[in-house]
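Heads up: the structure comes next, in structure tokens.
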Amino acid sequence: MKLWSTYILIFGLPLWTMVSSAYAGAIDVDIPENIFIDYMVELYEGVTLDHAMHADLFDCGSCHHHTTGARSLNDFCAHCHADSPASDDVSCSSCHEKNTGAFHCLPAGETASVYHIDKPGLKGALHLQCLGCHRDEGGPTGCQECHAFTSKGRKRFALEDLPRKN
Amino acid sequence: MRTLTSENIHLPIHGSLQPDGSLWSLGKKLLLGLTLSQYCKQVCRNPVNWALLVILGIGLPLLIQRYMFGLGAVTHGSNDYPWGLFLGFGLFGMVPLSASGFLLGTTVSLFGREDFHPIERLALLNGLLGYFFAVVYLEVDLGMPWRLAYPMVVSFGPAAVLFLVAWHVATYLSVQVAEVLPAFFEWIGRPNLKLYIKRMSLGLTIAGIILSTLHQGALGALFTYAPTKLHPLWLSIEFQWIHFLCSAVFGGLAMVIVSSTLIIRFIPWRCGRAFTNSLDYITIGLAKGASYAMVTYLAIKLVAVAHDNEWELLLTGWGFYYLAELGLGVVLPMMIFAKGVHDESVGAVRFAAFITIIGVVWNRLNTALYCFNYQLYQEVPHWKELWLTVTLYALYFMMYRFIVYRLPIVFNWGESASSEKECFPDYSQGAG
Amino acid sequence: MAENTSRRTILKSSLAATMATLFFHVKPGTAHQVKKYPDSLGVLVDLTRCVGCRSCEAACNAEQGLPKPDKPFTDDSVFAQRHHGQKRRTDETCYTVVNRYNPPGIEHPLYRKVQCNHCQEPACLSSCFVNAYTKTPEGAVIYNPDVCVGCRTCMVACPFYIPTFKYSSAFAPRILKCVFCYETRLKKGQPPACVEACPQQALTFGKRDNLIKIGRRRIDEKKGRYVHHIYGEYEVGGTSWLYLSSVPFEEVGMNTDLPHQPILDSVKNFLGIVPMVLTIWPALFAGFHLLASRKEYAGSTQDYHDKEESQ
């Protein structure tokens with residue numbers, strides 16, 4: 001962890017970190033090149049996120065809120081976390097629960113006075129973060145531009161009788 | 001018929017006994033005293049029957065199609081317009097035109113206006129058949145017609161307006177059956193059964209008033225479930241039920257005028273002396289009643305516009321249409337009624353009654369179909385839906401005629417053979 | 001007919017009418033307040049998040065075992081479909097649809113999901129004369145096809161045009177509408193299939209009370225992002241499904257003219273007169289009858305009673 005802070009202080013560079021829980025082990029060592037997100041493969045195959053490319057082009061704070069120790073670009077987070085240090089774990093899944101099931105909007109133990117009252121689940125967080133930016137920055141926005149259907153997904157979307165597109 | 005009566009001097013059957021003093025058989029009574037071949041000849045000679053044949057020839061297969069393949073096969077199956085012509089015309093149109101039963105029942109039995117007695121039975125029959133066919137229309141329209149009795153026996157939603165409609169129409173239908181039964185008892189030769197009904201008659205009449213007030217009103221109140229869908233000019237949350245009740249009053253009276261006009265014009269041989277002689281007087285009297293109801297209706301319509309402060313809506317396209325409906329459908333016939341009553345012109349009154357009926361049906365169709373979903377689009381009924389609606393109306397007409405031909409509705413049933421000349425005018429010279 | 005009526009028969013018939021009133025009309029006018037459903041669940045739909053992927057439609061189709069659609073759920077051309085100039089609506093093959101809107105002033109389209117809003121005081125329920133609808137404590141408005149007669153009043157009454165009828169069936173027609181996945185999910189505290197499928201979390205599932213708090217929070221926090229209204233908080237007495245939007249709601253095809261009172265309120269006027277007519281009319285008209293026929297009575301009372309006694 002110390003290494004991280006030093007890294008920022010010395011080089012003043014944005015900090016690269018990772019997104020996926022699937023890759024949670026790698027964070028405190030270095031910045032991942034690629035992140036393979038496959039925690040909920042069912043209708044779609046897993047997705048490979050070119051983390052290095054994103055890290056080259058954007059500030060850490062544009063995706064990671066305040067957790068990397070960089071100044072958050074999100075005003076909402078900045079209410080409290082304007083000067084927060086980096087977290088132990090910067091992966092999305094460390095805060096955003098994978099289980100997007102019932103009642104996730106108000107986690108147990110947190111009262112309504114806490115800002116985290118309306119924290120999206122992991123799937124929502126990933127899509128909101130990626131898609132919002134993709135729309136602004138001209139990234140891919142169509143579902144299938146990132147996600148390939150599994151056969152179950154093709155069935156779900158009533159595609160199974162149609163010729164498979166390449 | 002008129003030509004046949006010259007061959008069969010005993011015609012028409014107007015009592016239990018044949019000229020020779022023996023009882024008419026039921027079969028003879030059904031065939032109006034004719035032989036089967038005479039009867040068929042008589043049926044074929046009437047061009048109206050050929051028109052009916054064409055209507056039913058196409059309509060009955062459509063009816064089968066509806067029951068085999070569902071409502072979607074004969075209508076557009078619209079989810080935006082759940083109610084089409086079957087209810088728009090058949091239920092919302094037929095029921096007000098059948099208010100005649102309770103109106104004349106009240107006039108004669110309750111207020112003791114015996115001068116309207118000759119038309120009471122016709123009014124009761126008109127009411128009974130109208131309600132019966134409203135239920136027939138409903139049976140065609142209901143998704144699960146075999147569950148018609150569910151709101152009475154299986155599952156209750158007592159806070160729903162339709163629950164009231166169902167209960168009241170069902171009860172009122174039985175009341176009306178009871179009220180028309182005396183005519184039937186006379187016809188089948190069991191006049192003493194009448195006594196049971198007679199004892200109940202005041203109760204039946206009052207029940208009729210209550211039930212009619214409520215379900216005529218309830219049909220209007222059904223639309224208060226759609227305050228955002230129906231055009232505000234056609235919907236008054238506070239007064240909708242009075243509008244429907246009030247227009248049913250003149251609608252029902254006009255329907256009796258028209259019905260009696262058709263009867264005296266086309267089947268004069270069936271009309272008894274009392275009916276024939278007093279019909280003009282009665283017609284004028286009914287017209288008087290109808291025009292009072294119309295004034296009341298217009299006043300409450302005005303109050304509704306004022307209450308909801310919808311004056312500026314009157315200047316829109318919908319407003320002009322609304323004014324046209326009121327002007328042509330109510331004000332115009334009301335003025336003709338007034339003129340007709342003043343001049344004692346039965347012809348004018350009858351013409352006005354005809355317009356009134358169209359006006360009432362027009363109002364109901366506007367409320368149920370045309371001004372419904374006024375912010376969406378206009379649903380145009382499928383031709384099969386229209387044809388089926390006409391078919392059911394043809395069945396109504398046939399049943400109406402069948403009964404008027406036979407049962408003592410517009411004449412008095414003779415218990416002895418000798419009363420013919422007393423009861424009937426000299427129809428052979430072409431009455432009416 | 002009138003001359004055969006005695007006071008006794010009038011009394012008898014009035015009594016009969018009163019009894020009929022008591023038995024037949026259990027509860028014609030229920031002028032109650034909007035029921036509180038303290039544990040009602042709901043869904044907050046954030047139109048700023050929806051991207052029109054139709055995953056919810058696909059999930060609903062699978063969950064409810066609905067027929068396969070003509071076009072796959074990935075096909076965008078459905079957004080351009082019009083029926084009588086109207087965008088898509090729910091029908092017997094789909095309980096939820098997503099429609100695309102291009103409100104003036106923003107460069108990208110907005111999408112709105114349509115489904116049953118599960119009103120607090122549902123018009124379909126209050127208009128149903130066989131009690132086929134139930135509002136469960138969890139907030140779902142569910143339907144019982146076993147008692148439905150097919151009168152379609154619920155469709156007339158629904159201010160959101162949600163219930164649809166299976167017109168294609170002659171022998172087993174029914175009403176079809178979103179049931180909040182009540183049997184399969186909601187009962188167990190799970191979110192409905194559409195919510196689970198939404199990648200954008202445009203649909204947030206939770207207690208209705210909390211959703212309103214969240215909605216207010218989003219409006220307050222993201223200044224200028226939302227119009228200052230949660231659609232469904234008050235509309236027709238409040239709905240379990242709530243909407244947030246960045247543009248005025250009428251620009252995304254929502255009816256903003258809905259009253260804040262339940263639809264039932266507009267029917268109460270009539271329901272209120274029912275008991276009065278039932279109780280006052282018999283006495284009133286029997287009285288009229290006595291007045292109208294008094295002369296007859298005066299003349300014939302003696303004969304009449306003689307006749308009655310001799311019978």
Handout entry: Low-density loop cleavage sites - chymotrypsin sites (Phe, Trp or Tyr not before Pro) in the stretch C:131-223, where at most 11 other Cβ are within 10 Å (DSSP)
Key = C:171
Problem - Too-long pairs where the Cα-Cα distance tops 31 Å, listed order kept, from C:188/C:222; B:28/B:288; B:28/B:198; B:229/C:166; A:152/C:188 - result: C:188/C:222; B:28/B:288
Practice task
Note the angle between two axes, namely the Cα long axis of helix B:117-141 and the longest principal axis of the Cα atoms of chain B, as a number of degrees from 0 to 90, rounded to the nearest 10.
Solution key: 50
Completion exercise
If R0 = 51 Å, then residue A:137 and residue B:306, at their Cβ-Cβ distance, give a FRET efficiency to the nearest 0.05 of 0.30
Practice task
Have a look at B:244, B:142, B:331 and report the one farthest towards the positive end of the charge dipole of chain B, computed about the Cα centre with Cβ charges (Lys/Arg +1, Asp/Glu -1).
Solution key: B:142
Problem - Exposure proxy order (Cβ contacts within 10 Å, fewest to most) of B:390, B:154, B:256 - result: B:154, B:390, B:256
Handout entry: Rg over Rh [alpha-carbon atoms, Kirkwood Rh] for the protein assembly as shown
Key = 1.11
Problem - Whole-number D in µm² s⁻¹ for the stretch B:13-165, Kirkwood Cα-pair radius fed into Stokes-Einstein, 25 °C, 0.890 mPa s - result: 125
Problem - Karplus (6.51, -1.76, 1.60) ³J(HN,Hα), θ = phi - 60°, over the stretch C:221-238, in Hz, Gly and Pro reported as x - result: 6, 8, 4, x, 7, 10, 6, 7, 6, 9, 6, x, 5, 10, 3, 6, x, x
Practice task
Scan around residue B:99 for amide H atoms under 5 Å from its own, H built in the peptide plane at 1.01 Å from N, and keep only partners 5 or more places away or cross-chain.
Solution key: B:252
Completion exercise
Rounded to one decimal in nm, the spacing of the 7 Å Cα→Cβ label points at residue B:40 and residue B:335 is 5.4
Practice task
Starting from the Cα of residue B:30, step 7 Å along the direction of its Cβ; do the same at residue B:49; then give the gap between the two resulting points in nm.
Solution key: 1.6
Handout entry: Per-selection metrics, the stretch B:83-240 (Cα): Rg and Dmax in Å
Key = 16.9, 56
Practice task
May I ask you to evaluate 6.51 cos²θ - 1.76 cosθ + 1.60, the Karplus curve with θ = phi - 60°, for each residue of the stretch B:384-390 and list the ³J(HN,Hα) values in order in whole Hz, giving x for glycine and proline?
Solution key: 5, 5, 4, 5, 4, 4, 5
Fill in the blank from the handout: the stretch A:72-88 and the stretch B:245-320 have their Cα centres apart by a whole-number Å value of 78
Exercise for the section: Would you mind checking which residues have amide H under 5 Å from residue A:49's amide H? H placed 1.01 Å from N; only 5 or more apart, or other chain. Expected result: A:35, A:36, A:37
Practice task
Work out Dmax and Rg for the stretch C:168-235 from the C-alpha atoms and quote the Rg first, both in angstrom.
Solution key: 16.4, 55
Exercise for the section: Quick one: grab the alpha carbon gyration tensor of the stretch B:194-277, order the square roots of its eigenvalues as a ≥ b ≥ c, and give me rounded if a/c is under 1.5, else prolate or oblate depending on whether a/b is larger than b/c. Expected result: oblate
Handout entry: Size of electric dipole in the protein assembly as shown: Cβ of Lys, Arg +1 and of Asp, Glu -1, about Cα centre, debye, nearest 20
Key = 2480
Practice task
Would you mind giving the average projected area, over all directions, of the Cα convex hull of chain B in nm² with one decimal?
Solution key: 21.8
Problem - residue C:288 versus residue B:324: modelled label distance in nm, points set 7 Å from Cα along the beta carbon direction - result: 3.7
Practice task
Once you have the Cα-Cα distance between residue B:184 and residue B:65, take 0.36 nm times their residue separation minus that, and quote the gain in nm to one decimal.
Solution key: 39.4 nm
Problem - Relative exposure of B:360, B:169, judged by other C-beta atoms within 10 Å (fewest first) - result: B:169, B:360
Completion exercise
Sorted by chain and number, the residues with a modelled amide H under 5 Å from that of residue B:414, at a separation of 5 or more or across chains, are B:15, B:16
Problem - Mean shadow area of the stretch C:54-130 over all directions, Cα convex hull, nm² - result: 7.5
Practice task
Taking the Cβ of residue B:179 as the centre, find all other residues whose Cβ is under 10 Å away and add up their charges (Lys, Arg: +1; Asp, Glu: -1).
Solution key: 0
Practice task
Just add up the charged neighbours of residue B:263: K/R +1, D/E -1, any other residue whose Cβ is under 10 Å from the Cβ of residue B:263.
Solution key: +3
Handout entry: Residue-averaged 222 nm ellipticity for the protein assembly as shown, from DSSP H runs of 4+ at -39500 (n - 2.57), nearest 500
Key = -15000 deg cm²/dmol
Practice task
Go through B:290, B:259, B:311 and say which Cα lies farthest out towards the positive end of the charge dipole of the stretch B:245-342; charges sit on Cβ, +1 for Lys and Arg, -1 for Asp and Glu.
Solution key: B:259
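Give me C:108, B:215, A:51 sorted ascending by neighbouring Cβ count inside 10 Å, so fewest comes first. If you can, show how the numbers build up before the last one.
Working: C:108 9, B:215 27, A:51 20.
By the 10 Å Cβ count, ascending, the order reads C:108, A:51, B:215.
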Problem - Centroid-to-centroid separation of the stretch C:190-257 and the stretch C:91-122 [C-alpha atoms, Å] - result: 12
Fill in the blank from the handout: Using alpha carbon centers only, the stretch A:41-57 is separated from the stretch B:162-229 by a whole-angstrom value of 74
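To the nearest 20 debye, what charge dipole does the stretch C:124-208 have about its Cα centre, counting +1 at the Cβ of each Lys and Arg and -1 at the Cβ of each Asp and Glu?
80
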Completion exercise
Charge tally for neighbours of residue C:246 with beta carbon under 13 Å away, counting Lys, Arg as +1 and Asp, Glu as -1, is +3
Practice task
Let me know the charge dipole size of chain B about its Cα centre in debye, to the nearest 20, where only the beta-carbon of Lys, Arg (+1) and Asp, Glu (-1) is charged.
Solution key: 980
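Here, each number is a calculation from the coordinates, and none is a lab measurement. These numbers were taken from a predicted model, which means no experiment stands behind them. Using ideal geometry, Cβ is built from the backbone for each residue, glycine included, and neighbour counts are taken over all protein chains shown.
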